[in-house]
1. Quote to one decimal, in nm, the extra length available between Arg168 and Gln204 on full extension: 0.36 nm per residue of separation minus the C-alpha distance between them.
2. Put a dot 7 Å past each Cα toward the Cβ at Ser155 and Asn55; how far apart are the dots in nm?
3. Give a residue-ordered list of calculated ³J(HN,Hα) values for the range 152-164 (Karplus: 6.51 cos²θ - 1.76 cosθ + 1.60, θ = phi - 60°; whole Hz; x for Gly, Pro).
4. Hey, with R₀ at 22 Å, roughly what FRET efficiency would Arg43 and Arg109 work out to, going by the Cβ-Cβ distance, to 0.05?
5. Contour minus end-to-end for Lys195 and Thr6, with contour as 0.36 nm per residue of separation and end-to-end as the Cα-Cα distance?
6. Can you tell me how much longer the chain between Glu85 and Ile176 gets when fully stretched, taken as 0.36 nm per residue apart minus their C-alpha distance, in nm with one decimal?
Amino acid sequence: MGSNQTITLDCGTDYILYNSSIYGLLAPADYISDGCFYTDISRVDTSCINNSEYNEFFNETCGNRTNCSFIPNASLFNSSAECTENLNTYYLYFNAYCANDYLDLSGGREIDKSYIPIIISFFDAGIILAYIFMLFSLSVSQKKTVNNVLHNSLSPALYTLEIMHLPRNMDKETLIVSLWKHMETVLNDAYKEHKKIFKIVDIQVAQKDKMMKFAYQKGELVRKVKPNSLLYFNYIF
């Protein structure tokens, strides 16, 4: 304080940021001659600052300006005995930053900071569109895979024939044997020129759905009939 050294702040074309300023006392043991940039900010003692006086002084001297200079005075500090003693032995520390409207890029280029939110919004939109495209591509790929598997897979249905309106005057065994011989003869005669031999693997005889429904309904009726009634029907029949 006794050296009456002038503090000069110069941001060039940018404004001085008040909210970023740090003003206080620094113990001789924490002082670094290389400058404020290498000083540990947590070691700066700001408890002796008269905040109301300092705020008014800084706004009047450096507020909304690109540069300013001033000589610190005791009115910026509290008048307690401890603070008064420290003013004679401690260093005065002052640090402030400039409001830069541009962001420095590699290669000496810079970009206006007002464009940064817009750029980030474009990146977010790109990520969302990429995510939607990925889901769409995954859905299409899944459908293609299923269709490809179904198209290339072999199942018994590809080698199965369903024949209806079979004769009813034959028992099951006779019908299967006759149908077996007939199908092999017809298929082999039809593809004789291609030199292919057809063999029947199995023949199953099934009833129509109507017959199965009738059988089910009959079973339901029998289940609902009382035992005494069953005996009475059996007696009549």
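FYI, it's all coordinate maths here, none of it is from the lab. The structure presented is a predicted model; accordingly, all values stated were derived computationally and were not measured. Every residue, glycine among them, receives a Cβ derived from its backbone with ideal geometry; neighbour counts consider all protein chains shown.
1. 11.4 nm
2. Label at Asn55, label at Ser155, 7.9 nm between them.
3. Here the 3J(HN,Hα) series is 8, 7, 9, 9, x, 5, 6, 10, 10, 10, 10, 10, 10 Hz.
4. Result of the calculation: an efficiency of 0.05.
5. Values: separation 189, 0.36 × 189 = 68.04 nm, distance 11.13 nm.
Gain on extension, Lys195 to Thr6, equals 56.9 nm.
6. The Glu85-Ile176 span can extend by a further 20.9 nm.
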